[in-house]
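Following: one structure in structure tokens, then a few remarks.
The values are calculated or read from the model by the stated rules, or taken from the named source; none is laboratory data. Since the structure is predicted, the reported quantities are computational estimates derived from the model, not experimental observations. In this analysis, Cβ positions are derived from the backbone assuming ideal geometry, glycine residues included, and neighbour counts consider all displayed protein chains. Ligands, DNA and RNA are excluded from the accessible area calculation, which covers all protein heavy atoms including side chains. Shrake-Rupley method; radii C 1.70, N 1.55, O 1.52, S 1.80 Å.
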Amino acid sequence: MTDSGGTRRWRLVRARRDAVPESVRRFSARARRRRLRAARPWLVSLGTVLVLASAAGVGYATPLLGVAHVRVEGAALVTPDEVRAAAAVPSGTPLVRVDLAAVGRRVRGLAPVARATVTRSWPDTLVVRVWERTGVAAVPVDGRYAVVDVTGVAFQTVAAAPGLPVVKVAHPGPDDATTRAALTVVAALTPELRDLLVALVADAPTRIRLDLRGGKAVIWGDATENEDKARVATSLLGRPVTVIDVSGPDVVTFHEGESTVDRSA
């Protein structure tokens, strides 16, 4: 095409459909389908990423999936409200943003709680499961009784003896060597010794004594050879003696009236 000045100019003109050969149209269609098939996985992946990103944004930045309930399981010595207070998770906090480990640590700060797990229950609930301590002995403290578990942790205070072995130690606690020795001996007592026990008195890790009903006493010594000591002491319970010394269980000393007699175990 040439204008009046003799300059040639070009203009694009769309060809009519019937001007394109059928074979060319089929080839073009197949090429488009191949391109779509090749791109489909990428498009699906992109869509998934966008959906997840949107969901994450909703979960992190909005209260739509916020904490509305804190469900407490396994609590008996502590109340559900005490557990919720220790968990300290404000209502509406995005559930996905809750630090589960930190919540568990705070709940374990409650003295009766030995272990705790924290999980999410979508869409809006935090589940706190607690395992409470089990008492193995009662320690008299200021006219009351501190209940301690097997590790020596005092987790409950009661007004009257709770039906557990009474252990008298000066400084009850998990870091006190005398407390640990006394609880080791308690665990080794036979049922007969437990039934007669008034109190286990531990002045030091090596100075442990059982005070029994009927005015009898068993000198235990330290917290070693406990099974042998328990067996020997139990076998002598029927003797008319006031003091049984099993601190060296291979040679037992006991008192009969005013005399002291050494007997081989």
*Gain on full stretching of the segment that runs from VAL158 to ALA101 - 0.36 nm per residue minus C-alpha separation*: 17.4 nm
*DSSP-defined antiparallel bridges as percent of all bridges, segment 101-256, nearest 5*: 85
*What number, in percent, do you get for the relative contact order of segment 60-193 if the mean sequence gap of Cα pairs under 8 Å and at least 6 apart is divided by its residue count?*
19
_If I stretch the segment between ALA31 and VAL127 completely, what's the gain in nm (0.36 nm per residue apart, minus their alpha carbon distance), one decimal?_
29.1 nm
*Residue-by-residue Karplus 3J(HN,Hα) for segment 123-140, coefficients 6.51, -1.76, 1.60, Hz, glycine and proline x*: x, 8, 10, 9, 10, 10, 10, 10, 10, 8, 6, 10, x, 10, 7, 10, 10, x
*Residue by residue, what Karplus-based ³J(HN,Hα) values in Hz, rounded to whole numbers, does segment 153-164 have, using 6.51, -1.76 and 1.60 with θ = phi - 60° and x for Gly and Pro?*
6, 7, 10, 7, 10, 10, 7, 10, 4, x, x, 10
_Estimated dipole of segment 147-257 in Debye, rounded to 20 [Cβ of Lys and Arg +1, of Asp and Glu -1, Cα centre]_ = 300
*Using θ = phi - 60° and the Karplus form 6.51 cos²θ - 1.76 cosθ + 1.60, what ³J(HN,Hα) does each residue of segment 206-220 get, whole Hz, x for Gly and Pro?*
9, 10, 10, 9, 9, 9, 10, 4, x, x, 8, 9, 10, 7, 9
*Take peptides 227-235, 142-150 and line them up by average Cβ neighbours within 10 Å, highest first, as a rough protection proxy.*
227-235, 142-150
*When all protein chains stay in place, what accessible area (Å², nearest 10, 1.4 Å probe) is found for LEU164?*
50
*Percentage relative contact order, segment 131-257, counting C-alpha pairs under 8 Å, at least six apart*: 16
